[in-house]
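Undergrad: Quick one: the structure is below, and I'll ask about it shortly.
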Amino acid sequence: MSKKELVKGNIALCEGAIAAGVKAYFGYPITPQNEVPSYMSRKMVELGRVFIQAESELAAANMVLGAAVSGARAMTSSSSPGISLKQEAISYMAGMQLPALIVNVQRGGPGLGNIAGAQSDYFQAVKGGGHGDYRVIVLAPNSAQEMYEMAYDAFDLAEKYRTPVMILSDGVVGQMMEPVEFNRPGKKEFEPKDWCLNGCKGREPLSVQSLLMQEGALEQHNIKLQAKYKTIEQNEVKIETYKTEDAKVIIVAYGISSRIAKSAVKLARKEGIKAGLLRPKTLWPFPSEAITALAKNGVKFLAVELSHGQMVEDVRLAVNGKCPVEFLGKAGGGIVTEQEIVQKLRS
């Protein structure tokens, strides 16, 4: 039987990962995700699992790589500058096809910025923030409930496709307290992994690597990765729509911005403005086809983000010139309000 508790989004995330069977957490403190390593430092030890506060963000990410290659469910978390430091290891994990969970509770930037919530790491997350042609699946929760559920589901996605999965949250969702229903099974059975390095007694040794020096080997590996990414794009797009059926203006927003936008849609409807909302739950794969299907004569799109315009570029690509796409955003810890969105819709 599921239970409901009032918890922060960051704590809900931890509980989702624990229920999913995470065996090892490696992290390093940074606000506004500090509740995650703090909570895991106690819970993982209580459960007889591994918790290590690494000497740096890069070390934490490489520890995840080492645990993942042995077949263990492993994760790390950080906030914007810390995720930048982890990018080398994330690229390695993508190249080695290792399943793992990376969590970014975004803060304002660039640079050290501040500790307020933001959404200015979109490009880094969905375009592959490290070196090379790679992608990671990017999930975008907009509530504490989804922090729990997406953390739980992320490990299954990671293992299904042998790829890192990123949860791109923000400081507002991470810090807010909401009732969360812990509705996922607490015990999971895992399929054996025939690729992991867990000792070769009785069999030939295996090799999992990202350095491919033989002529043509890296090219073929990249072709294989791109085929996998196309499969993910075909099968794993997740969205929420609200009042888009008759909408003349469709807002596209994710994370905390989508909750503000949904309230704005309700206010706009009271004024007779036919507004709707499309919320990507997956930022990669991006719901391009869903947006393309809604793009027709007489419809306009409005991208709302806590940045100076990143996701809006993917919206414009999906619309492909069929109708206008406007943008409304703030960065550096600023929050777009319902009233500002409604004012934009009026104009």
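Undergrad: May I ask you to give the average projected area over all directions of the convex hull of the Cα atoms of the range 39-90, in nm² rounded to one decimal?
TA: Result: a mean projected hull area of 3.7 nm².
Undergrad: Could you work out what % of the accessible surface of the range 239-346 is carbon and sulfur, using a 1.4 angstrom probe and leaving DNA, RNA and ligands out of the count?
TA: Carbon plus sulfur share of accessible area: 48 percent.
Undergrad: Over all directions, the average projected area of the alpha-carbon convex hull for the range 1-130 comes to how many nm²?
TA: Directional mean of the projected Cα hull area for the range 1-130 stands at 8.4 nm².
Undergrad: Give the cross-link partners of K238 among the aspartates and glutamates, using a straight C-alpha distance below 16 Å as the criterion and excluding same-chain residues fewer than 8 apart.
TA: E146, E149, D153, D156, E289, D314
Undergrad: Any idea what log10 I(q)/I(0) is at q = 0.11, 0.13, 0.17 Å⁻¹ for the range 4-235, Debye with uniform C-alpha scatterers and no solvent?
TA: Cα-only, vacuum Debye calculation for the range 4-235: -0.52, -0.73, -1.25.
Undergrad: Same structure again: Mind listing the phi-derived Karplus ³J(HN,Hα) values for the range 222-232, rounded to whole Hz, using 6.51, -1.76 and 1.60 with θ = phi - 60°, and x for any glycine or proline?
TA: With coefficients 6.51, -1.76 and 1.60, one gets 5, 4, 5, 4, 5, 5, 5, 5, 5, 4, 4 Hz.
Undergrad: While we're on this one: To test your reading of the geometry: what angle, between 0 and 90 degrees and rounded to tens, separates the Cα axis of helix 80-96 from the longest principal axis of the chain?
TA: 60
Undergrad: For the range 189-303, which semi-axes, largest first and in whole Å, follow from the square roots of 5 times the eigenvalues of its Cα gyration tensor?
TA: 46, 17, 11
Undergrad: Rounded to whole Hz and in sequence order, give me ³J(HN,Hα) for the range 7-23 from the Karplus expression 6.51 cos²θ - 1.76 cosθ + 1.60, θ = phi - 60°, writing x for Gly and Pro.
TA: Rounded to whole hertz, the list is 9, 6, x, 4, 6, 4, 4, 4, 5, x, 5, 5, 5, 6, x, 4, 9.
Undergrad: If you wrap a convex hull around the alpha carbons of the range 239-346, what volume per residue comes out, as a whole number of Å³? Provide the component values of the computation, followed by the final result.
TA: Working: hull volume 9.2 nm³, N = 108.
In the range 239-346, the Cα hull volume divided by residue count equals 85 Å³.
Undergrad: Of all beta bridges DSSP finds with both residues in the chain, what is the antiparallel percent, to the nearest 5?
TA: 30
Undergrad: Might you report the magnitude of the Cβ-based charge dipole of the range 115-271 about its Cα centre, with Lys and Arg at +1 and Asp and Glu at -1, to the nearest 20 debye?
TA: 180
Undergrad: Decide, for the range 166-225, between rounded, prolate and oblate: order the square roots of the alpha carbon gyration tensor eigenvalues as a ≥ b ≥ c, take rounded if a/c falls under 1.5, and otherwise choose prolate if a/b is larger than b/c, else oblate.
TA: Note, shape of the range 166-225 comes out oblate.
Undergrad: For helix 255-270, what angle does its Cα long axis make with the longest principal axis of the chain, in degrees from 0 to 90 and rounded to 10?
TA: Once rounded, the angle reads 20 degrees.
Undergrad: What number, rounded to the nearest 500 deg cm²/dmol, is the helix-based mean residue ellipticity at 222 nm of the chain, given -39500 (n - 2.57) per DSSP H run of at least four residues and division by all its residues?
TA: -12500 deg cm²/dmol
Undergrad: Taking only protein heavy atoms into account and a 1.4 Å probe, give the accessible area per residue of the range 167-300 in Å².
TA: Spelled out: the 1.4 Å probe surface of the range 167-300, per residue, equals 57 Å².
Undergrad: Follow-up. Could you please state how large a percent of the accessible area of the range 4-235 is carbon and sulfur, counting protein chains only and using a 1.4 Å probe? The partial results should precede the final answer.
TA: Working: 5350 of 9990 Å².
Here it works out to 54 percent.
The values are calculated or read from the model by the stated rules, or taken from the named source; none is laboratory data. Quick caveat: nothing in here was measured; it's all calculated off a predicted structure. Note: ideal-geometry Cβ built from the backbone for every residue, glycine included; neighbour counts use all protein chains shown. Keep in mind that these areas ignore ligands, DNA and RNA; they rest on the heavy atoms of the full protein, side chains included. Shrake-Rupley method; radii C 1.70, N 1.55, O 1.52, S 1.80 Å.
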